[in-house]
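K.L.:
Okay, here's the structure, questions in a sec.
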Amino acid sequence: LTPVDAPLLRSVRIRALTDSPAAFGSTLSETMERSMSTWENMLRPDGNPFFVYEIDGEVRGLAGGFIPDHDEELHLVSMWIGPSYRGRGISDALVSHIVDWARSRNANRLILECTEGNRHAEELYVRHGFRRTGMSSTRERDGATEFEMVLDLSASGR
């Protein structure tokens with residue numbers, strides 16, 4: 001997505017948070033309060049990439065990458081598939097795309113957080129080589145536990 005796609009990204013994030021609020025670190029109210037310029041800035045060419053999966057001109061899935069202060073460890077964020085399209089391989093395609101993006105940036109590791117109990121998501125990430133790191137945190141807003149998973153992209157892990 002590019003800055004002109006800011007309204008689309010906002011719309012898809014609202015759909016994702018409405019459908020699966022417990023799966024994300026941000027809340028629906030926080031997301032709805034963001035200005036359009038915030039959404040545009042998120043999609044700057046030098047910013048964090050977001051990718052959508054479309055079928056028949058409609059977005060059926062979303063995944064994003066996050067670039068922290070250093071490029072050695074990148075993050076997979078904002079993963080969501082529309083309910084009626086789950087189980088059709090869209091999530092695998094989006095995760096593969098994010099992995100390719102991380103490799104293209106020569107990252108050593110790709111990191112994500114998964115909500116405890118989200119078995120389908122964890123199984124997806126394990127299929128792609130992600131493993132739990134043993135690190136976890138508790139979200140203040142709802143007490144949910146999020147555990148960290150990592151994919152080793154270093155020369156020995158490719």
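The values are calculated or read from the model by the stated rules, or taken from the named source; none is laboratory data. Not measured: the values here are computed from a predicted model. Cβ placement follows ideal geometry from the backbone for every residue including glycine, while neighbour counts extend to all protein chains displayed. When the accessible area is computed, the model is the full protein with side chains, heavy atoms only, and any ligands, DNA or RNA have been set aside. Shrake-Rupley method; radii C 1.70, N 1.55, O 1.52, S 1.80 Å.
K.L.:
Counting Lys +1, Arg +1, Asp -1, Glu -1, what net charge surrounds residue 78 among other residues with beta carbon under 15 Å of its beta carbon? Please list the in-between numbers first.
P.N.:
Values: positive: 10, 13, 15, 34, 60; negative: 5, 19, 30, 113, 146.
Taking every Cβ under 15 Å from that of residue 78, the sum is 0.
K.L.:
Convex hull over the alpha-carbon atoms of the range 108-158: what's its volume per residue in Å³? List each step's numbers first, then the result.
P.N.:
On the way: hull volume 3.4 nm³, N = 51.
Measuring per residue, one finds 67 Å³ for the Cα hull of the range 108-158.
K.L.:
Can I ask one more? Need the C-alpha centroid separation for the range 87-158 versus the range 13-31, integer Å.
P.N.:
19 Å
K.L.:
Rolling a 1.4 angstrom probe over the protein chains, ignoring ligands and nucleic acids, what is the accessible area of residue 52 in square angstrom, nearest 10?
P.N.:
40 Å²
K.L.:
Still on this structure: Can you list residues from other chains, or at least 5 along the same chain, whose modelled amide H is less than 5 Å from the amide H of residue 77?
P.N.:
64, 65, 66
K.L.:
Let me ask something else. Would you rank 60, 103 by solvent-accessible area, highest first, keeping every protein chain in place and using a 1.4 Å probe? Can you show the working numbers first?
P.N.:
Working: 60 40, 103 80 Å².
So, going from the largest accessible area down, we get 103, 60.
K.L.:
Further question: For the chain, report the translational diffusion coefficient in µm²/s to the nearest whole number, using Stokes-Einstein at 20 °C, 1.002 mPa s, and a Kirkwood Rh over Cα pairs.
P.N.:
Values: Rh = 16.1 Å.
The calculation lands on 133 µm²/s.
K.L.:
Order 85, 53, 125, most accessible first, counting only protein heavy atoms with a 1.4 angstrom probe.
P.N.:
Values: 85 35, 53 80, 125 15 Å².
So, going from the largest accessible area down, we get 53, 85, 125.
K.L.:
Also, quick follow-up: Once you have the Kirkwood Rh of the range 66-130 from its Cα pairs, apply Stokes-Einstein at 37 °C and 0.692 mPa s and quote D in µm²/s. Before the final figure, lay out the partial values.
P.N.:
Values: Rh = 12.5 Å.
After rounding, the answer is 262 µm²/s.
K.L.:
Something else about it: At a 1.4 Å probe radius, which order do 75, 97 fall into by accessible area, largest first? Spell out each step's value before the answer.
P.N.:
Numbers: 75 45, 97 90 Å².
Result, largest first: 97, 75.
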